[in-house]
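The values are calculated or read from the model by the stated rules, or taken from the named source; none is laboratory data. Everything quoted here is computed from the prediction, not taken from an experiment. Neighbour counts run over all protein chains shown; Cβ positions are idealised from the backbone, glycine included. Ligands, DNA and RNA are stripped out before the accessible areas are found, and what is left, the full protein with its side chains, is counted by its heavy atoms. Shrake-Rupley method; radii C 1.70, N 1.55, O 1.52, S 1.80 Å.
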Amino acid sequence: MTSIVDETEGAEVRSLFLAGPFLGLLDPETGEMPEQERAPFDLLIKHFESQGVSVHNAHRREAWGAALMQPEECTRLDQEEIRRADVLVALPGSPASPGTHIEVGWASAFGKPIVLLLERDRDYTFLVRGLHTVATVEYVMYADVAEALPAVDRAVRRAVARRRAAGDGG
Ligand code: 5HM
């Protein structure tokens with residue numbers, strides 16, 4: 001009898017931290033993220049929450065720029081939430097989001113599983129491209145975030161399962 005091994009067995013995900021470019025996307029006139037820049041975050045948040053996953057996202061927390069926190073407030077909060085999360089899902093951004101790169105660094109140092117969403121035909125820094133050599137990383141290459149959702153789900157489950165199989169879920 002053939003047994004089928006489910007590579008995502010044990011990949012229950014209760015919480016995730018969604019990171020991505022923020023300050024660089026604010027409209028200088030309004031101080032808020034324009035609708036089209038919010039869209040991928042909004043979509044991902046709704047998608048994960050519809051599956052019962054608790055999502056921590058600073059863009060939404062800070063009302064898309066309308067309630068921007070001070071550096072002294074958001075830094076500790078973000079680090080605590082990443083420490084608490086089962087997985088970090090990040091859009092490193094191209095051009096690179098400085099804050100997101102710090103968050104990805106924290107997550108890898110904490111041993112968290114990481115899913116990196118990389119837009120096709122864009123440039124990403126060497127340490128993002130090579131992060132899988134030192135951390136549990138799944139990459140999703142996308143042209144359109146909505147179309148990539150099934151691939152994102154698979155990547156999240158795979159990253160979490162791989163990390164747990166390695167003996168540390170964080
Ligand atoms: O450098 P940038 O703004 O692109 O950094 C974005 C990341 O830093 C987000 O993933 C968010 O979690 C965090 N951040 C935050 O929590 C950033 C800013 C502004 O830089 C903020 N709150 N006000």
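Among the criteria (1) more than 15 Å from the ligand (Cβ to nearest atom); (2) open to solvent by less than 30 Å² (accessible area, probe 1.4 Å), the one residue 39 does not fulfil is (2). Identify, from the list 155, 85, 109, 151, the residue that is over 14 Å from the mean Cα position of the chain (by Cα) and either in contact (Cβ under 8 Å) with a residue 40 or more places away in the chain or farther than 21 Å from residue 61 by Cα (or both). When all the criteria are applied, what remains is 109.
To keep it simple, each residue is scored yes or no on (1) touching a residue at least 60 places away in the same chain (Cβ under 8 Å); (2) among the aliphatic types (A, V, I, L, M); (3) closer than 16 Å to residue 159 by Cβ; (4) crowded, with 20+ Cβ neighbours inside 10 Å.
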{"residue": "28", "(1), (2), (3), (4)": "no, no, no, no"}
{"residue": "52", "(1), (2), (3), (4)": "no, no, no, no"}
{"residue": "64", "(1), (2), (3), (4)": "no, no, no, yes"}
{"residue": "69", "(1), (2), (3), (4)": "no, yes, no, no"}
{"residue": "94", "(1), (2), (3), (4)": "no, no, no, no"}
{"residue": "97", "(1), (2), (3), (4)": "yes, no, no, yes"}
{"residue": "101", "(1), (2), (3), (4)": "no, no, no, no"}
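Where helices (runs of 4 or more DSSP H) sit wholly within the range 51-170, those with at least 1 residues that are acidic (Asp, Glu) and at pLDDT 95 or above occupy 71-84, 98-109, 145-165. Only one of the numbered conditions (1) in a loop (DSSP other than H, G, I, E, B); (2) within 13 Å of the ligand (Cβ to nearest atom) is not met by residue 29, and that is (2).
Output the residues belonging to the range 78-95 that are more than 22 Å from residue 149 (Cα to Cα) and within 12 Å of the ligand (Cβ to nearest atom). Spell out how you get there, then give the answer.
The first filter runs over the range 78-95 and keeps only residues more than 22 Å from residue 149 (Cα to Cα), leaving 78-81, 83-84, 95.
Across the range 78-95, the qualifying residues are 78, 79, 80, 81, 95.
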